[in-house]
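Okay, so here's the structure we're looking at.
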Amino acid sequence: MSKSISKPFISVIIPAYNSAKFIRKCLNSAISQTFKDIEIICIDDCSEDNTAEILQEYANRDARIKIITNQTKQYAGISRNIGVEAAVGEYIFYLDSDDYLQENALETVYKASQKNPGIDVIITQLNFINYYTGLQLKIPPIPNSYTNRIMNIQTDPDCIKFMNYAVIAILIRRKMLIDNSILFKNYKSLEDVEYAHNLYIYAKNIIFLPDKVYNYRYNRRGSVASKKYTNLNVLIDALENIERHKEEIPEEVYKRFRIILFRSIGECTNDGYSLSKISYNEFKYIYEDIIDHSLFSEPEMKYCKAKYERFKRCTPLKFKIISIIIYLIKNQFPTYYTTILKIQQKLRLKRNAI
């Protein structure tokens with residue numbers, strides 16, 4: 001059994017719900033880190049499988065592992081808050097139970113923190129790995145001009161395009177979270193969107209590392225991230241949060257945050273949702289903003305322009321009616337909805353080929 005550490009440098013926080021099929025790989029990667037000065041806080045969120053037994057098995061083997069059991073289901077965000085409250089490490093590192101770390105992940109961020117004392121946020125890069133096939137997506141690396149130097153959104157608005165809004169693979173100074181009351185809200189999904197904005201707004205110094213040390217396993221059936229959005233209140237709340245911070249951040253940062261959020265909302269409306277708080281004119285304004293902005297790559301701009309052209313042909317009433325119809329089809333007849341999407345994609349490919 002490993003020696004217990006009373007005051008670890010990093011607190012690794014792992015929320016877990018029905019994670020029995022994959023959490024061993026996650027825990028093995030955590031306890032096998034080359035950097036040992038850590039505690040591992042696992043929050044079992046009322047799992048209905050044998051997740052709790054597996055967590056206890058690992059806790060019996062390694063005294064650095066602490067188990068917290070939620071009495072009622074709290075979801076990932078609140079579970080992380082509970083973990084932060086119980087943590088004693090100087091820094092926080094969130095790890096999802098279906099992901100795993102490279103063995104030098106925490107040593108990498110620790111060394112960066114020692115070179116930059118008092119750093120608030122250290123952002124590493126992710127390996128995107130298909131949960132079922134093990135194949136890795138090829139993601140362009142972050143430009144060298146953005147790595148290994150202190151930045152923040154006040155002085156370097158361009159760094160927003162490389163921010164990690166999932167708040168995994170990030171080392172966060174715990175005192176900064178506590179001092180600014182940065183907490184996850186009680187959402188079932190997308191709980192990290194508003195949290196991430198607050199994190200980057202309050203962080204006085206941020207460093208991007210080029211190292212890919214976090215293995216993010218995507219496409220797992222049953223995960224919250226794999227499900228299409230059925231409720232946009234989270235994104236709407238995030239927009240309102242940006243409005244509250246408008247006077248604290250540069251206008252360029254405010255504009256970019258809103259564009260990113262509206263693009264997410266626009267993608268959600270492809271799945272159909274009657275937006276009670278987002279007006280037709282607001283959508284029109286933001287699409288025009290996107291087209292005039294240099295934030296996105298050429299393929300993204302092409303997508304936005306095409307979407308805007310379709311949007312311009314839509315009246316406010318038609319916009320609402322179509323959204324409601326798609327929403328009903330999607331939720332009441334999901335098989336038909338998937339078929340419609342496939343047909344739509346084939347027609348689009350055929351049209352582009354002409």
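Here, each number is a calculation from the coordinates, and none is a lab measurement. A quick note: this is a predicted structure, and the numbers were derived from the prediction, not measured. So basically every Cβ, Gly included, is an ideal-geometry build from the backbone, and we count neighbours across all protein chains shown.
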Once you wrap a convex hull around the alpha carbon atoms of region 1-91, what is its projected area averaged over all directions, in nm²?
5.4
Starting from the Cα-Cα distance between ASN50 and GLU90, subtract it from 0.36 nm times their residue separation and give me the gain in nm to one decimal.
11.3 nm
Between ASP211 and LYS318, with labels modelled 7 Å along Cα→Cβ, what's the label distance in nm to one decimal, could you check?
5.4
Would you kindly state how much longer the chain becomes between ILE178 and LYS161 on full extension, computed as 0.36 nm times their sequence separation minus their alpha carbon distance, in nm to one decimal?
3.5 nm
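Which entries of LYS111/LYS188; LYS185/LYS212; LYS111/LYS204; LYS188/LYS305; LYS115/LYS255; LYS7/LYS161 show an alpha-carbon separation above 26 angstrom in the structure shown? Kindly include the intermediate steps, with their values, before the conclusion.
Values: LYS111/LYS188 35 Å; LYS185/LYS212 28 Å; LYS111/LYS204 19 Å; LYS188/LYS305 32 Å; LYS115/LYS255 33 Å; LYS7/LYS161 35 Å.
Beyond 26 Å between Cα atoms: LYS111/LYS188; LYS185/LYS212; LYS188/LYS305; LYS115/LYS255; LYS7/LYS161.
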Could you work out the relative contact order of region 10-226, using alpha carbon pairs under 8 angstrom and six or more residues apart, expressed as a whole percent?
26
For region 87-141, list log₁₀ I(q)/I(0) at each q in 0.13, 0.19, 0.26, 0.29 Å⁻¹, using the Debye formula over Cα point scatterers of equal strength and ignoring solvent, two decimals each.
-0.44, -0.84, -1.21, -1.33
At R0 = 51 Å, FRET efficiency that the Cβ-Cβ distance of ASN148 and ARG61 yields, to 0.05
0.90
Starting from the amide H of ARG149, placed 1.01 Å from N in the peptide plane, find each other amide H under 5 Å away whose residue is 5 or more places distant or on another chain.
PHE208
Taking only C-alpha positions in region 10-226, Rg and Dmax in angstrom work out to 16.4, 48
Gap in Å between the Cα centre of region 114-169 and the Cα centre of region 193-209?
11
